[in-house]
Amino acid sequence: MCAPTNQKPIFGLLSILFSYFVKDGFRMKEKVVPVFLTLTLLLTFVIFGVYTFSQSSFLEVEAEQHGETYGVGGTCIPGTHNLFVADADSDGVMEIITGGFTYDGEKVTAQLRIWIWDEENLSLEKSKEWVTDYLNEVKCISLNDVDGDSRIEIVTGSIVAAYGSFATNETSPNSAQLKIWGWDGTTLALRQIQDWTIGDGICAWNVGTGDLDNDGTVEIVTVGCMGISNLCDPDMRIWSIATPLPIEFIIAVVASVAVIFMASAYFFAKRSRK
C-alpha cells in the first residue's frame with residue numbers, strides 16, 4: 001500500500017525506513033540488528049554529549065560600562081571590601097574571610113584566608129596563596145550562591161601586574177582577576193577564574209553579588225579603574241554563571257526520546273502488516 005500523498009516528509013521517511021527493516025509483522029531482516037544497534041549507540045553519544053555540555057558552567061560578562069573622565073586626573077571607583085563574615089561552609093558557624101597579599105621575598109603573592117572565632121581563640125582554618133605575575137593582590141571579597149548549587153561560594157576580585165608596570169607602559173598592562181571558590185570546611189577549591197585587561201591596565205577594586213534582575217540567578221558586579229592615556233576611568237562589569245540543567249530534566253528528555261522512538265517503530269511495523 002502506498003503512503004498517502006498528504007503524509008508529512010518526516011513520517012514518509014520513517015515509513016520507508018521501518019518498511020525496509022520490518023517484514024511480516026515484527027520479523028526483522030538480517031541487517032536490522034546491527035543498524036539498530038548503531039543508531040542506538042549514536043543516539044546515546046548524542047544524548048551524553050548534550051548532557052555533558054549542559055553540565056558545564058561558564059563565567060561570562062552580561063554587561064560592561066566605562067565611565068567618562070572628569071578633570072585632568074581622571075575618575076575612579078576605588079574602595080575595597082576585603083573582609084566578609086558568613087557561614088561559608090553551612091556548618092552553622094560563622095567564618096571570617098579575609099583577602100590581601102603577602103611578600104615571599106621575590107613576588108607579591110595573593111592571599112585568601114578563612115578564620116573562625118570561638119569567643120576565646122581566633123583560629124586560622126585555611127590559607128591559600130597564589131601568583132599569576134609579579135604582583136598579585138586580593139582587593140575585594142563577596143559571598144553568595146553564584147552558581148545555583150545551593151552552596152555559598154567565595155568571590156574574590158584582584159589585581160595582577162608585571163614587575164615595573166606602574167612605572168612604565170613598556171611592560172604588559174595590569175589585569176583584573178575574578179575568582180570563585182568553594183569551601184566545604186576542609187578543601188578550598190577554585191571553581192571559576194577570569195582575567196581581563198583593557199587600555200593601559202585595569203584593577204578590580206570592589207565586588208558585589210545579588211540577583212539584580214529577579215531571574216533567579218545571582219549576578220556578580222565588579223567595579224574598578226582602567227588606565228587610558230595616563231588617566232584613570234571607571235570600569236563596571238556584570239557577570240553571571242550559566243546554571244547547569246537539572247538531572248531530572250535530562251532524564252525526562254531521554255525517556256521522551258525513547259518512548260517516541262519505540263512508539264514510531266510499533267506504529268510503522270503494524271502498518272507494514274496491512
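The values are calculated or read from the model by the stated rules, or taken from the named source; none is laboratory data. Just so we're clear, the structure is a prediction, and the values are computed from it rather than from any experiment. Glycine gets a Cβ as well: all are built from the backbone with ideal geometry, and neighbour counts include every protein chain shown. The area values use the complete protein model at the heavy-atom level, side chains included, leaving out ligands, DNA and RNA. Shrake-Rupley method; radii C 1.70, N 1.55, O 1.52, S 1.80 Å.
If the condition is being over 14 Å from VAL146 (Cβ atoms) and either crowded, with 19+ Cβ neighbours inside 10 Å or touching a helix residue (DSSP H, G or I) at 6+ places or on another chain (Cβ under 9 Å) (or both), then segment 209-233 contributes VAL223, GLY224, CYS225, MET226, GLY227, CYS232, ASP233.
Taking SER172, is it part of a loop (DSSP other than H, G, I, E, B), open to solvent by less than 20 Å² (accessible area, probe 1.4 Å) and farther than 26 Å from VAL93 by Cα? Break it down stepwise before answering.
Numbers: part of a loop (DSSP other than H, G, I, E, B): yes; open to solvent by less than 20 Å² (accessible area, probe 1.4 Å): no; farther than 26 Å from VAL93 by Cα: yes.
Criteria not met by SER172.
State whether one or more residues within segment 117-133 are in contact (Cβ under 8 Å) with a residue 60 or more places away in the chain, surrounded by fewer than 22 Cβ atoms within 10 Å (Cβ to Cβ), among the β-branched types (Val, Ile, Thr) and part of a strand (DSSP E or B). No - not one qualifying residue is present in segment 117-133.
For segment 231-249, how many residues are more than 29 Å from GLN177 (Cα to Cα) and at pLDDT 70 or above? Step through it out loud before you land on a result.
Looking only at segment 231-249, we keep the residues that are more than 29 Å from GLN177 (Cα to Cα), and these are 246-249.
From what's left, at pLDDT 70 or above: none.
Qualifying residue count, segment 231-249: 0.
Answer yes or no as to whether THR156 is open to solvent by 40 Å² or more (accessible area, probe 1.4 Å) and either within 17 Å of the chain's Cα centre (by Cα) or not basic (Lys, Arg) (or both). Give the steps one after another, and end with the answer.
Values: open to solvent by 40 Å² or more (accessible area, probe 1.4 Å): no; either within 17 Å of the chain's Cα centre (by Cα) or not basic (Lys, Arg) (or both): yes.
In short, no.
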